[in-house]
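Written out below as structure tokens is the structure these notes cover.
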Amino acid sequence: MPNISSSANSIPDGILSVDKITGVTSFDIIRRIKAAFKKIGRSDELKKIGHAGTLDPIASGLVITLINGGTKKSDGFLNLDKTYEAELFIGYSTDSYDSSGETADKIALDAAYYENPDNFKKLLDALDSFKGEIMQEPPMFSAIKKNGRPLYKLARQKITIEREKRKCVIYSIGACSDKPLYDQNLQGFKFKYTVKCSKGTYIRSLCQDIGAAIGIPCHMSALRRTRIGEYKVEDALAYEQIERGDIHSIIKSIYQTGS
């Protein structure tokens, strides 16, 4: 990956990797960057800005923004593989497949449930079963359109329709901890895993499908994107620096792109 820091006196054509926090949108990043340059009277130098793929407000992690001529590189990011750290909540599912939705199904689990090695093995086997090429049904709460209308607009009206399954690839998937952690208040378990996958993979749907595989309703309770292709979140600029309008750090963090 190119790592050519730009001069603080100019805004280059390039790529700015940002570590997004939860609760903000990908557009919030764009808006904050624009505001930072406007505040110091340099908005005219920021001719074009966009992002190479959104990340839901519930998620944190890597978002790639494209600056000026770097926007010409947007198509090159669409097919890149992505890596995530996901948290699976085992015990109830939601209509959105994540923690922002309403409870759809629930089973109260005892704190000792995963003391039984057979139960934990079943969970690990379920993860392993998703490796390779899979056909995945996207969630209703998604921007995918049906007859020109985004699915999420139907979902908000409590309308559920059949969605065509899409092919995606799970290159690797595995547990991050020895066993799930029990949540006394919610009477369920939180379980973290990592997954490297192809474009178009919905981790929310993957969590829903893992629940179906183990016979317990589940949803995605947290998500962090750690990698897009060769770009890593540990190399990204913290969102807080953008929020503070730290122009020097913003410009310094832009990776210059060739023409």
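When region 49-86 is examined, which residues are found to be of a type outside the set (Phe, Trp, Tyr), assigned to a helix (DSSP H, G or I) and in contact with a strand residue (DSSP E or B) (Cβ under 7 Å, 6 or more places away or on another chain)?
Matches in region 49-86: Gly70, Thr71, Lys73, Ser74.
In the list Ser249, Ser253, which residue meets the criterion of being closer than 30 Å to Ile40 by Cβ and surrounded by fewer than 21 Cβ atoms within 10 Å (Cβ to Cβ)?
None of the others qualify; the one that does is Ser249.
Quick check, is Ala222 loosely packed, with under 14 Cβ neighbours inside 10 Å and modelled with pLDDT of 90 or more?
Answer is no for this residue.
Look at Tyr182 and say whether it is outside the structural domain of Gly41 (by TED's automatic domain parsing), touching a strand residue (DSSP E or B) at 6+ places or on another chain (Cβ under 8 Å) and surrounded by fewer than 16 Cβ atoms within 10 Å (Cβ to Cβ).
no
Looking for something over 26 Å from Gly23 (Cβ atoms), surrounded by 14 or more Cβ atoms within 10 Å (Cβ to Cβ) and among the acidic types (Asp, Glu) - is there at least one such residue anywhere in region 84-100?
no
Go through region 146-167 and report how many residues are within 20 Å of the chain's Cα centre (by Cα) and either modelled with pLDDT under 85 or over 23 Å from Asp81 (Cα atoms) (or both).
3
Just to be sure I understand, how many residues within region 28-48 are more than 22 Å from Glu85 (Cα to Cα), of a type outside the set (Asp, Glu) and in a helix (DSSP H, G or I)?
11
Conditions (1) buried (at least 18 other Cβ atoms within 10 Å of the Cβ); (2) on the phi > 0 side of the Ramachandran plot; (3) of a type in the set (D, E, K, R); (4) modelled with pLDDT under 95, marked per residue:
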{"residue": "Ser5", "(1), (2), (3), (4)": "no, no, no, yes"}
{"residue": "Ser10", "(1), (2), (3), (4)": "no, no, no, yes"}
{"residue": "Ile21", "(1), (2), (3), (4)": "no, no, no, no"}
{"residue": "Lys38", "(1), (2), (3), (4)": "no, no, yes, yes"}
{"residue": "Glu45", "(1), (2), (3), (4)": "no, no, yes, yes"}
{"residue": "Asn68", "(1), (2), (3), (4)": "no, yes, no, yes"}
{"residue": "Thr71", "(1), (2), (3), (4)": "yes, no, no, yes"}
{"residue": "Gly76", "(1), (2), (3), (4)": "no, no, no, yes"}
{"residue": "Asn79", "(1), (2), (3), (4)": "no, no, no, yes"}
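Condition first: farther than 15 Å from Ile33 by Cβ and either more than 24 Å from the chain's Cα centre (by Cα) or not acidic (Asp, Glu) (or both). Now tell me which residues in region 227-254 satisfy that.
The initial filter retains those residues of region 227-254 that are farther than 15 Å from Ile33 by Cβ, namely 227-235.
Correct list: Arg227, Ile228, Gly229, Tyr231, Lys232, Val233.
The values are calculated or read from the model by the stated rules, or taken from the named source; none is laboratory data. No experiment lies behind these values; they were computed from the predicted model shown. Backbone-built Cβ (ideal geometry, glycine too); neighbour counts: all protein chains shown.
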